[in-house]
Amino acid sequence: MTAPVKSSPLGLTVLVLLHHRPLHPYGIQQLLKRWGKEQVVNVGQRAGLYRTIERLQAGGLITVRHTVRDQQYPERTVYEVTDEGRAVTREWLEQMLAVPKAEFPVFPVALSNMLMLTPDEVTPILERRLEHITAQRAELERQNAATPAGLPRITLIENEYLLAVLGTEKRWLRGVIDDLRDGSLTWSPELLAAFEEAAETGAEGDGA
């Protein structure tokens, strides 16, 4: 009996693509890019894709369909999804859609440690992030505008979500930058030390 395979964004996407048709790894990578999935899954490293394929095969979710031999290319193994893989695809998809996962992106971590810098140092740094966010959003809007007319909304639903998320972060960043500029958001080592001392004094009083 094979061990259950842990779900992952790339694993789910590979399974969904193999529902479309049997594919070799290079074909999977090309289809990921053609369908714009690189916006939501990390396909930058081919080694990561091969490791994911190996896990799915070891777990019995995909199997070798046949091997393609061509004089112009190295031998390529074509994979197809198994019946178990079809069932697991649905299970993973329902779970990912329904249940928010505890994720730990880097930006909130950086925000929680931002007090290591001064407000004057932070302001231009967040302005740079705002420029990146603005550019990302503009690129997504450009991609949406370039899609064929009449394309069903469901095919770009992830772009719609990303645009909403980026738009919210853009508005929030502008507000924080404004607060930094007008001084309504500020801190200093002295202010933080005074707060910590007051908190410790209060804790000692509660324990007395």
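Regarding region 55-75, can at least one residue be identified that is modelled with pLDDT of 90 or more and within 26 Å of P105 (Cβ to Cβ)?
yes
For residues in region 178-198 being loosely packed, with under 11 Cβ neighbours inside 10 Å and at pLDDT below 85, which is nearest to the chain's Cα centre (by Cα)?
Across region 178-198, the extreme among qualifying residues is E196.
Out of all the residues in region 19-40, which are aliphatic (A, V, I, L, M) and either in a helix (DSSP H, G or I) or farther than 24 Å from L162 by Cα (or both)?
Step one: filter region 19-40 for residues aliphatic (A, V, I, L, M), giving 23, 28, 31-32, 40.
Listed by number, the residues that qualify are L23, I28, L31, L32.
Taking interchain pairs and intrachain pairs at least six residues apart, which have beta carbon atoms under 7 angstrom, with the first residue in region 167-196 and without any contact (Cβ under 8 Å) to a residue 24 or more places away in the chain and the second aliphatic (A, V, I, L, M)?
What qualifies is D179/L185.
Considering only residues of region 46-72 that are outside any strand (DSSP E or B) and aliphatic (A, V, I, L, M), which is surrounded by the fewest Cβ atoms within 10 Å (Cβ to Cβ)?
Result: A47.
Could you tell me which numbered condition V43 fails, if it satisfies all but one of (1) β-branched (V, I, T); (2) in a loop (DSSP other than H, G, I, E, B); (3) farther than 30 Å from E160 by Cβ?
Condition (3) is where V43 drops out.
Take P4 and decide whether it is at pLDDT below 90 and either under 14 Å from Y79 (Cβ atoms) or loosely packed, with under 15 Cβ neighbours inside 10 Å (or both).
yes
The values are calculated or read from the model by the stated rules, or taken from the named source; none is laboratory data. These figures come from a predicted structure and were not determined experimentally. All Cβ positions, glycine included, derive from the backbone under ideal geometry; neighbour counts span all protein chains shown.
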